[in-house]
1. Against the condition open to solvent by less than 70 Å² (accessible area, probe 1.4 Å), over 24 Å from T72 (Cα atoms) and at pLDDT below 60, how does S8 come out, does it pass?
2. How many residues are under 14 Å from Y28 (Cβ atoms) and out of contact with any helix residue (DSSP H, G or I) (no Cβ under 7 Å at 6 or more places or on another chain) if we restrict to the range 81-116?
3. Kindly indicate whether I74 is within 25 Å of N23 (Cβ to Cβ), at pLDDT 95 or above and touching a Gly at 6+ places or on another chain (Cβ under 7 Å).
4. Could you tell me whether any residue of the range 23-35 is in contact with a helix residue (DSSP H, G or I) (Cβ under 8 Å, 6 or more places away or on another chain), modelled with pLDDT of 60 or more and among the aliphatic types (A, V, I, L, M)?
5. With L92, L87 as the choices, which residue is out of contact with any Cys (no Cβ under 9 Å at 6 or more places or on another chain) and exposed (fewer than 13 other Cβ atoms within 10 Å of the Cβ)?
6. State all residues of the range 37-64 that are open to solvent by 70 Å² or more (accessible area, probe 1.4 Å) and over 16 Å from T24 (Cβ atoms); if no residue qualifies, say none.
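The values are calculated or read from the model by the stated rules, or taken from the named source; none is laboratory data. Since this is a predicted model, take the numbers as computed values, not measurements. With ideal geometry, Cβ positions are generated from the backbone for all residues, glycine too; neighbour counts draw on all protein chains shown. What goes into the accessible areas is simple: the full protein's heavy atoms, side chains included, and nothing from ligands, DNA or RNA. Shrake-Rupley method; radii C 1.70, N 1.55, O 1.52, S 1.80 Å.
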Amino acid sequence: MKARVSLSILAAVLCASAASAQNTIYGYAIGNWRNGPVVQISPLFETTEMFTTPQLIKWVRGQWPEQFTDTTDIDVQRFATIDEGALSRTTLEGKYGVRKLPVNMMEAEPMPKTPPRPEGIRATGPGR
């Protein structure tokens, strides 16, 4: 009985910790990356570790509907620093150039940011 209670408490603590993990990270989306016709590479954006790939894809499609609504393939890359993300975008653009696929390298100033947390996630902790 005590083991069950302990496991329940541990599970609750882990869920609360996961919901409050809000370290800042950076990412970008890639659309039509397999075979084009035009590879879409979003601007680098700021987000948090809290977002899942499907949540980020939904956000990207809302931010840039003309480029990402009808994409056949879409993925999101994540990075710890802006420099890592910027280098990855540039490298990826070059790789698609070698394959002779046109690339739409999107830019945005200031850097776009996702909301502080995905839809449906409430703030936890004292005073929230």
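1. Details: open to solvent by less than 70 Å² (accessible area, probe 1.4 Å): no; over 24 Å from T72 (Cα atoms): yes; at pLDDT below 60: yes.
Against the criterion (open to solvent by less than 70 Å² (accessible area, probe 1.4 Å), over 24 Å from T72 (Cα atoms) and at pLDDT below 60), S8 does not qualify.
2. Filtering the range 81-116 for residues under 14 Å from Y28 (Cβ atoms) gives 81-93, 96, 103-108, 111-114.
The next check asks that each one be out of contact with any helix residue (DSSP H, G or I) (no Cβ under 7 Å at 6 or more places or on another chain); those that pass are 81-93, 96, 107-108, 111, 113.
So the answer is 18.
3. Working: within 25 Å of N23 (Cβ to Cβ): yes; at pLDDT 95 or above: yes; touching a Gly at 6+ places or on another chain (Cβ under 7 Å): yes.
Yes: the conditions hold for I74.
4. yes
5. Details: L92 fails: exposed (fewer than 13 other Cβ atoms within 10 Å of the Cβ).
Of L92, L87, the one residue that is out of contact with any Cys (no Cβ under 9 Å at 6 or more places or on another chain) and exposed (fewer than 13 other Cβ atoms within 10 Å of the Cβ) is L87.
6. P37, P54, K58, R61, Q63
Residue by residue, here is whether (1) touching a residue at least 60 places away in the same chain (Cβ under 8 Å); (2) of a type in the set (V, I, T); (3) closer than 15 Å to Q22 by Cα holds:
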| position | (1), (2), (3) |
| --- | --- |
| G36 | yes, no, no |
| M50 | yes, no, yes |
| I82 | no, yes, no |
| S88 | yes, no, no |
| L92 | yes, no, no |
| K95 | no, no, no |
| R99 | no, no, no |
| E107 | yes, no, no |
| P110 | no, no, no |
